Each structure stands twice: as C-alpha cells, then as structure tokens.
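What follows is a single structure, written as structure tokens, with notes after it.
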Amino acid sequence: MEVKRYADYSYWLNDAGEALTPRAALAKSEEADVAILGAGYSGLWTAYYLLCAQPGLKVTVLEQEIAGFGGSGRNGGWCSPRFPVSAGLLRRRFGDGQARAMLEAVQASVDEIRRVCEVEAIDAQFRAGGTLTLARSENQLAAIRGSYAAYERLGMADRYRLLSPEEAAERIRVTRVLGGLYTPDGASIHPARLVRGLARAVEARGGTIFEQTEVTKIAGGAQARLVTRQGEVRARRAVVLAGEAYLTRFPQLHRSVLPVYSLICLTEPLTAAQWETIGWRQGENVASARSSVVYLTRTGDGRILFGSRGAPYLFGSKISDAQDRHADTVRAIEGYLADWFPSLAGIRFAGAWGGPVAMPMDWMPSVNFDAGTRMAYLGGYTGQGVSTSNLAGRLLAGLIAGKNTGLETLPIAQRRSPGWIPEPLRWMVVRYMQGALLRADDAAEAGRRPPVDARLAEFLGRH
C-alpha cells in the first residue's frame, strides 16, 4: 500500500509534533475480546475506557490509514458543549428531563477530556475560552434568542448570556453583528495532538493498533469479525464500528449517514497590531447562527482558522480527496473572512483542508450494542464530534463491559437513526438543500430579500 503524505491533510497533522510514521499493519488473523474499526476519536475513546474498566482485556483497533487521519485530525479545534440537535428540538423530541441530561452530559465531556489529557500527559493545547455564537442578520438574532429561551426552559440559562452588539464587540469585532450568545463552557484544542496522544494512551494500557489495514468486510453473530486482506480479527465480545462517514463505503451501511464535507481555511499568523484591530483576546470558539455553518478558532500560534460547509455532495455518497480543497468553497471561505474582518484585507492564507463528517437523517448521534450479534456502533456527530465522541465512547464501553456508567438513559443510547433515501433522489434533495440554505444565508446577511424558497429550505434544514 502506498504511504500517503499524511502531514499534508491538515495543518493539525502537519503540526502534530511527530513524524506520523504508520504503525505496523495486521499480518495475520488474530482473536480479540473487542475489535474496533477506526482509530479516530470514537474508536480510541471506546478502547481507552474499555481498558480502564477491564485491564487485561484484549482490544484491537484496525485503521486503514493512521490514527487521526479522518475528522479527528482535521476538525476545527473545538471542544465544546454544542450538540448536533438544538436544545429546542431535543425538548420536543425527548422532553425537558432527557434534553437537559443530554446537554449536561456533553458539557461534562469537555471537562472529562481535559482530565484525561492531564492523567495521560497529552499535550492537546487545551484552552478554556468559552463559546460565542454571533447573529449577523435578523433571522440569526431570532435563532439565538430562541436557543436562549430553550435553555431557560431547561433551567440551564445560568450558563448562557445574551449579548448586545456592543457586548459582542467587546469580545470580538466583526462586521454587522446584531447580538450574540455566550457560554463559558467550551475550549479550543489541538485535535491531532489529542487523537495521537489518545492512541499512545490506548497502547500504554495494553491495546493494539494496526494501521495501513483496510477492513473489507464486517460480520456479526457467532463469528463476529473484521476481515482484511491480511487476515481477520475475530471478536469474542464485540465488533465496534467507529468509522463515521467512511462507513458508507460498506454496502450494509451505505445509507446510515451522509458524508457531508466541512472545509477550513487558515491564515498566516497575525501581527500584534492585527489582533488589536479585532480583539478576540479570550480565544473563544466563535460561530455565527448561519444555517450553512461558519466557525472560527484562534490557534495557539496566532492564526485564524475559518471553517464552513459548502463542498457539494457527490452522487452515491462518494468520498474523494479532491473535495478536501474544493476550489469554489475555499474562495468563498476566504471571502467570508474578508467580510467579517475588513481590517485584515490582504492577509495571506497558509492553507486549506477539509473532510467528510457523518450526518444522520435525523441529525441525532447514536450509540448501540447488540450482545446477541456482538455488533456495536457509535457516531453520527454532524461536525460536533470532539466532546460528543468522548461521551459516546464512555457509554459504549460501559455497554460492552456490562457496567453501569450512568449514561445508559441518555437519548443517544441504544437507538438507530432512519436511513437516508436512495439515489438519485438523495443527490437531488441534498444538493438542493446545500444551495438553498447558502443562498438564504447570504441574502439575509447582505440585507437582501430572501429567496422565494427560503421558507422551504429553512423547514427542510431545521434541526
């Protein structure tokens, strides 16, 4: 197998502080108690907590590339209390008690990640600056006010604060801001150093990670196993599917999630004078309330990371490296940054990258384990996976080990999302939604009349 230049896949991987030399591949068939597909956050957190709960358990992780190759090594650097499903929709689906428990569990995961980094000496550059959502149009202002109202109904408003335009500007100076919503919960991290350090922690506790090992077949039941060209790993207790968007390459999982691309542009380091013009001294995670998503991170070495969705969905849920730097999307993101920060006109960009995130049909992550078939699954984070994957890994480890973690009653436990519609209808609907939401967002922020189909797009995209 040709070894890729993994450092080229993201700034984070390039700055991981190590050579990214692949671990050995699986050489022959083996047996394990638990066989895990995928060495990203989901698979590694599951392995870590299994080994913490049951030292001596034989846990084997198979990874087609290297640990952190996917979203775990390419994300926006957020470790936040955000969940893919809004507080209001969680209330409507599950009731106040379940909604609050779900959101509090995600919040607690931020602190848990910091704790593990300290225990395992993982230098993830954890910086607790909080999370700030900005409104740059009237509909975005209504959205953040609605979010705050939902937190009030859940008894969680003490963790959130609505900001006036002036109060928002005291934190970060962005054009056309009408208000904001701030919580002290949330941190920025170095995602690649977190996932690479977590892989070493798994190995230190007795787990085995094989890289450059593509899984070609998944089987459950009495002969539960992961099959590769080099051999198979037979699992006595569980096979864990932790491949996120890449699981769509398996026929039986093809419609389980939608691979939706998220792209990022990164500036060169700003000067002290440039930082003075925009503020952002606390280093909050910053986003806008756009339906089509915009998120920013201030990196440890003084750069602005500016991310968004936008790379078009490919027919048949195809995943392609070419989408990682989709030229039109990269140009659009660079334009967004110029619009947000006119004082940075002419700033140079150091690079761009991206990758697919897994979006379930109902936007709801899932964690499930069937002891009868020995099959387990966790994922579907829709771009909110850093903290949610930790929570999911703890929950799944408890289900497999048969130990009560107190997380078993959460709405993500032992559930499955409905599958996506077949092609070609899937391609038609998703491509329409991507374009319609983008047009509606751009019109609203520019003060133009909304497109005639804006209400339909908002209804279809509401989550």
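Every number here is computed from the coordinates shown, using simple stated rules; none is lab data. Keep in mind that what you see is a predicted model, and the values were worked out from it rather than measured. When we count neighbours, we look across all protein chains shown, and the Cβ atoms used for this are built from the backbone with ideal geometry, even at glycine.
Using a Förster radius of 56 Å, what is the FRET efficiency between GLN414 and GLU138 based on their Cβ-Cβ separation? Nearest 0.05, please. Intermediate values should be presented prior to the final figure.
On the way: r = 41 Å, r/R0 = 0.73.
My answer for the efficiency is 0.85.
Ordered by packing density, taken as the mean number of other Cβ atoms within 10 Å over each peptide's residues, highest first, how do 43-56, 395-408 rank? Don't jump to the answer; show the numbers that get you there.
Values: 43-56: 23.0, 395-408: 19.3.
Those peptides, ordered most packed to least, come out 43-56, 395-408.
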Could you state the angle between the C-alpha long axis of helix 385-401 and the longest principal axis of the C-alpha atoms of the chain, as a value from 0 to 90 degrees rounded to the nearest 10? 30 degrees
Bin width 5 Å, alpha-carbon pairs only: give the P(r) of segment 109-237 as whole percents, running from 0 to the bin holding the largest distance. 2, 9, 12, 11, 11, 10, 11, 9, 9, 9, 6, 2, 0
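So, R0 is 30 Å and r is the distance between the beta-carbons of GLU214 and ASP8; what FRET efficiency does that work out to, to 0.05? Intermediate results must be reported in sequence, preceding the final value.
Values: r = 20 Å, r/R0 = 0.67.
Working from the Cβ atoms, E equals 0.90.
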In degrees between 0 and 90, to the nearest 10, how far off the longest principal axis of the chain does helix 191-204 point, with axes built from Cα atoms? 20 degrees
Once the principal axes of the Cα atoms of the chain are found, what is the range along each, listed largest first in whole angstroms? 61, 46, 45
Taking R0 as 45 Å and r as the Cβ-Cβ distance between GLN230 and ALA443, the FRET efficiency 1/(1 + (r/R0)^6), rounded to the nearest 0.05, comes to 0.25
Using the basic label-point model (7 angstrom from Cα toward the beta carbon), what is the ASP370 to GLU120 distance in nanometres? 3.0 nm
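On a full-extension model of 0.36 nm per residue, what is the gain between ALA338 and GLN282, subtracting their alpha-carbon distance, rounded to one decimal in nm?
Numbers: separation 56, 0.36 × 56 = 20.16 nm, distance 2.14 nm.
Computed gain between ALA338 and GLN282 is 18.0 nm.
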Once fully extended, how much extra length lies between ASP158 and ASP111, figured as 0.36 nm per residue of separation less the alpha-carbon to alpha-carbon distance? 15.1 nm
Taking only C-alpha positions in segment 49-172, Rg and Dmax in angstrom work out to 18.4, 57
Taking the 0 to 90 degree range and rounding to the nearest ten, how far is the long axis of helix 138-153 tilted relative to the main principal axis of the chain, both from C-alpha atoms? 60 degrees
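Once fully extended, how much extra length lies between ALA273 and ALA350, figured as 0.36 nm per residue of separation less the alpha-carbon to alpha-carbon distance?
Values: separation 77, 0.36 × 77 = 27.72 nm, distance 1.91 nm.
So the chain would gain 25.8 nm between ALA273 and ALA350.
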Here segment 350-359 yields Karplus 3J(HN,Hα) values (6.51, -1.76, 1.60; θ = phi - 60°; whole Hz; Gly and Pro given as x) of 8, x, 8, 7, x, x, x, 10, 9, 10
Given q = 0.17 Å⁻¹, what are the Debye log10 I(q)/I(0) values for segment 280-343, with equal point scatterers placed on the Cα positions and solvent ignored? -0.70
Sort the following peptides by mean Cβ neighbour count (other Cβ atoms within 10 Å, averaged over residues), highest first: 252-265, 159-172. 252-265, 159-172
per DSSP, antiparallel bridges as share of beta bridges in the chain, % nearest 5, sits at 70 percent
Label zone at ALA24, where the point sits 7 Å out along the Cα-to-Cβ direction: segment 213-228 residues whose backbone N lies under 17 Å: 213-214
